[in-house]
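Right, one structure below, let's go through it.
The values are calculated or read from the model by the stated rules, or taken from the named source; none is laboratory data. All values derive from a computational prediction rather than experimental measurement. For neighbour counting, all protein chains shown are included, and Cβ atoms are generated from backbone atoms with ideal geometry for every residue, glycine included. Just so you know, the surface numbers come from the protein's heavy atoms only, side chains and all, with ligands and any DNA or RNA stripped out. Shrake-Rupley method; radii C 1.70, N 1.55, O 1.52, S 1.80 Å.
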Amino acid sequence: MTNPWLALESVSYVLPDGRTLFSDLNETFDQRRTALAGRNGAGKSVLARMLAGQVPPTTGRCLRSGSAHYLAQQVSPPADATVASLAGVQHTLEALARIEAGSSDPADFDAVGDRWNIRQGLRGELERHGLGHLDAHAPASTLSGGEAVRMALIGALLSDADFLILDEPSNHLDRRHRLALIEQLRHWPRGLLVVSHDRQLLETMERIVELSSWGLRSHGGNYGFYAAANAHERQNALHQLEQRKRERQREEQAMREQSERQARRQARGNREGKQANQARILLDRQKERSEGSAGRQRQRQAMAQQALALRVREAAQRVEHDAPISLHALPVAPAAQRRVLQLEAVALPCVPAATRHIDLVLSGPQRLGVVGPNGRGKSTLLKVLAGLLDPLAGLCKTPPGAVYLDQRLAQLDPRRTVLEQLQAAHRTASEGDLRMRLAQLDLDAQKIVIPSGSLSGGERLKAALACVLYADPPPPLLLLDEPSNHLDLPSAHALETMLRSYQGALVVVSHDDAFLHQLALTDRLLATGQGWRLEPWWKTRGVAAERP
């Protein structure tokens, strides 16, 4: 299709619990590379699935000019899935094999369509994505998380859809494959809508559409333009709020002065009436007129005050809509130069031979970024440090109270509420204080009292971060595995700010260069084909944080 498009006409969506997620959305998505941005929980994934035809709107219409292929942000293949089924081509490959074996069933020819070279196309994509060692019929359960994501992306690219709708496609990809994805999407010839918080990916977009409680706002341009426009809009909103407050102050002062003048006139009239020895009936009528005038004035002033208060509330709502996400600084004392982590002749389980053995010592408040391609053992290293995996050999020492946050958020019980789990982690804090901290993470009063499994991916991550980072006592060592995945941009900025001020020891695994460079790291541990290499972080300035 030459000019594919997607359109929303007065679309609304109401959640099963009765809450309205978004309402009255009207927008057209054309062939420009477009990103759908917005805060966690705004409904981006629901809207993406709706545009792909997987979820019907509660009201309104969702239209598309051709076929759409949706890629979910969590790739969880069923137990019997194969590499080919994960790529979405198993049915076509099986029909092709039956035809080659002599089948004349029209259903098989319909399944193949014009994709007679699908076998060669899949093999070519596997080679291009560094997955040439995989067989199409191999079980998907043998793939790593990064490999599963790359296979699902191959399926999207092979789908021949008129519109690709990708939900956080760069999550879990290492730097090399993230850049390869960005380059592929840059040259995608048809419609493209990407849900993402990846600043590198957003920089390559031609348009960014933001979803919020106010609806959809379109920004022509890439992330830099979008960020500048948002900053300008927030400054304008703050300026307007201050202006409305000053207007209310001036008007209220003027009303007070008017009331005082009215009271003085009324008092003077009463005195003059008494001195003029007027008849009682005339004095009573004069008093009634004066009180009636004063009453009408009070009524007008009350209406004016309500109007002024409404204008201030509306201006405040615009500011609150863009209010920054904030994390409290952790009350950890500097660790001086004492040793906080030691790995001596450690052999890691289930990792390639090159990175199986490691020696590592961290002293004081060292801040270590662990980088390198997928499959080199970075997450395994963190699990050994956290005590969740035993090393095959060697000595591993970490301080008591060290906390670990994994990619799958295993610490978060999906059946329990966020508030319950945070209260269990921090028993000395009041409920009001914990509610305030969660609210500053953009987790409102409704979201923290429902099972955490019903929250969005980004909201679950923020809840897990709260339970880990606000634990009592505070952790002397943080072990974080891809902590910025799924976070909206304001939350990622807040996490960067908090981790910069954290004074304990830190080990963080991430493929997000922009995130890592904001953490004031002291060292990086690089997983290479020749083994682990520890070096000062300053050496990464202007240099890629990962190398093959």
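Quick notes on this structure:
- In the stretch 401-478, taking the dipole from charged Cβ atoms about the Cα centre, the farthest positive-side position among Thr417, Gly401, Ser454 is held by Ser454.
- Per-q log10 I(q)/I(0), the stretch 1-140, q = 0.11, 0.20 Å⁻¹ (Debye; single scatterer per alpha-carbon; no solvent): -0.61, -1.17
- Computed extension gain for Arg339 through Arg123, at 0.36 nm per residue and net of the alpha carbon distance, reaches 72.8 nm.
- Beta bridges from DSSP with both residues in the chain: antiparallel share about 50 percent, rounded to the nearest 5.
- Computed label-point distance, nm, for sites Gln423 and Arg261 using a 7 Å Cα→Cβ extension: 5.7
- Tilt relative to the chain, helix 280-321 - C-alpha long axis, 0 to 90 degrees, to 10: 10
- Probe 1.4 Å, accessible area per residue of the chain, Å²: 47
- Highest to lowest packing among 46-57, 346-357, 427-438, scored as the average C-beta count within 10 Å: 46-57, 346-357, 427-438
- Model label points for Ala101 and His187, set 7 angstrom from Cα along the Cα-to-Cβ axis, are 3.7 nm apart.
- Among the lysines of the chain, pairs at least eight places apart or on separate chains and with Cα atoms under 24 Å apart come to 9.
- For the stretch 440-464 versus the stretch 1-54, the spacing of their alpha-carbon centroids is 21 Å.
- Over the chain, DSSP H runs of length four or greater, each weighted -39,500 (n - 2.57), average out per residue to a 222 nm ellipticity of -13000 deg cm²/dmol.
- Using a simple spin-label model with pseudo-atoms 7 Å out from Cα toward Cβ, Leu63 and Ala393 lie 6.9 nm apart.
- The chain - percent of accessible surface contributed by carbon and sulfur, probe 1.4 Å: 50
- Per residue, the convex hull spanned by the Cα atoms of the chain amounts to 211 cubic angstrom.
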